[in-house]
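Only one structure is covered here, and it is reproduced in the block below.
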């Protein structure tokens, strides 16, 4: 789940409110609203109250940042590591701010704070620390709840779009397959054209079926890739070559649908392919990975591409397999490693 940071205005408002409430008795004593506070706060001045409010405001705001918006909270380290680091940060701010207040007050007033007053100060700031930790947990819970609701709404809208798309596709596939069959009957005497249509028909059927399956076996993906490669070779002939070397014991392993085809298509789309520079794509297995690689030779002409293919493939892997793809471009070789489930 991706958390959002709390708005700065909210944290500033909470810090200001805490600072005001903690110092409210002194403010009431200053203006003699409650006479019984005289014994509790014998020496009260505007300068003292302003100092206390400023230090307490900074203290509260800093603790709120640590416990709600700190980047550490959204990192991928273990929850125990986060808790320990956050605890140490809270204690560091606690002792630092109290020491700062004592020092600044002594510099302004020239009076040394008594041990009793220091003890009360530590207790008050400790109570504020506990209150802020509690408030921060509530804020984080509410933010997580809001993000969860937003994600559910997004998934709901996506599901509705998928249902609409499925309704549209109920008619289109039937029409297309009938058209391909009709085309096959017209070119029956042309073996190469017939094979091309059959491969295209198999690819389209596979793509439609993959819509209901998130993961397929490596063997099925290779069968689909073989049909795709036939179509590519029909266009580029000897200018395109592919080498496939996959271990037999990996053929039943799972991976997201159309993953291999996307990588081969990506190589074809972005590489210069000519008689002098034919494209060679290698597909092989190593250490429970399927690897697709090709020599980097960028196409000089315009490439109509969104650039999101690999990003979307990696997101599918993270959702379906809980792993990430590995991309490298060292030694003029572009390589993508697909982990097998």
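Give just the number: which of (1) touching a helix residue (DSSP H, G or I) at 6+ places or on another chain (Cβ under 6 Å); (2) within 25 Å of residue 202 (Cα to Cα) does residue 265 not satisfy?
The single condition residue 265 does not satisfy is (1).
For segment 109-138, enumerate the residues that are out of contact with any helix residue (DSSP H, G or I) (no Cβ under 7 Å at 6 or more places or on another chain) and modelled with pLDDT under 85.
109, 110, 111, 114, 115, 116, 117
Among the residues of segment 318-332, which ones are within 13 Å of the chain's Cα centre (by Cα) and either more than 20 Å from residue 288 (Cβ to Cβ) or in a helix (DSSP H, G or I) (or both)?
318, 319
Within segment 257-281, count every residue that is part of a helix (DSSP H, G or I) and either closer than 21 Å to residue 318 by Cα or without any contact (Cβ under 8 Å) to a residue 24 or more places away in the chain (or both).
7
As an exercise: evaluate residue 317 against (1) crowded, with 19+ Cβ neighbours inside 10 Å; (2) touching a strand residue (DSSP E or B) at 6+ places or on another chain (Cβ under 9 Å); (3) under 28 Å from residue 198 (Cβ atoms); (4) modelled with pLDDT under 90 and give the number of the one condition it does not meet.
Among (1) crowded, with 19+ Cβ neighbours inside 10 Å; (2) touching a strand residue (DSSP E or B) at 6+ places or on another chain (Cβ under 9 Å); (3) under 28 Å from residue 198 (Cβ atoms); (4) modelled with pLDDT under 90, the lone unmet condition for residue 317 is (3).
What is the number of the single condition among (1) at pLDDT 70 or above; (2) exposed (fewer than 14 other Cβ atoms within 10 Å of the Cβ) that residue 170 does not meet?
For residue 170, the failing item is (1).
Looking only at residues in segment 15-30 that are in contact (Cβ under 8 Å) with a residue 24 or more places away in the chain and crowded, with 16+ Cβ neighbours inside 10 Å, which one is farthest from the chain's Cα centre (by Cα)?
The extreme case among them is 26.
Give me a count of the residues in segment 222-247 that are over 22 Å from residue 272 (Cα atoms) and loosely packed, with under 15 Cβ neighbours inside 10 Å.
3
Taking the condition surrounded by 13 or more Cβ atoms within 10 Å (Cβ to Cβ), under 19 Å from residue 222 (Cβ atoms), touching a strand residue (DSSP E or B) at 6+ places or on another chain (Cβ under 6 Å) and modelled with pLDDT of 90 or more, does residue 290 pass?
Yes, satisfied.
Mind checking which residues of segment 230-255 are touching a strand residue (DSSP E or B) at 6+ places or on another chain (Cβ under 8 Å), over 18 Å from residue 316 (Cβ atoms) and either at pLDDT 90 or above or outside any helix (DSSP H, G or I) (or both)?
Hits for segment 230-255 are 239, 240, 241, 242, 243, 244, 245, 246, 247, 250, 251, 252.
Would it be correct to say that residue 219 is touching a residue at least 24 places away in the same chain (Cβ under 8 Å) and either in a helix (DSSP H, G or I) or over 27 Å from residue 275 (Cα atoms) (or both)?
yes
The values are calculated or read from the model by the stated rules, or taken from the named source; none is laboratory data. It should be emphasised that the depicted structure is a prediction, and the values quoted were computed from it without experimental measurement. Because the Cβ atoms are built from the backbone with ideal geometry, glycine has one as well, and the counts that use them run over all protein chains shown.
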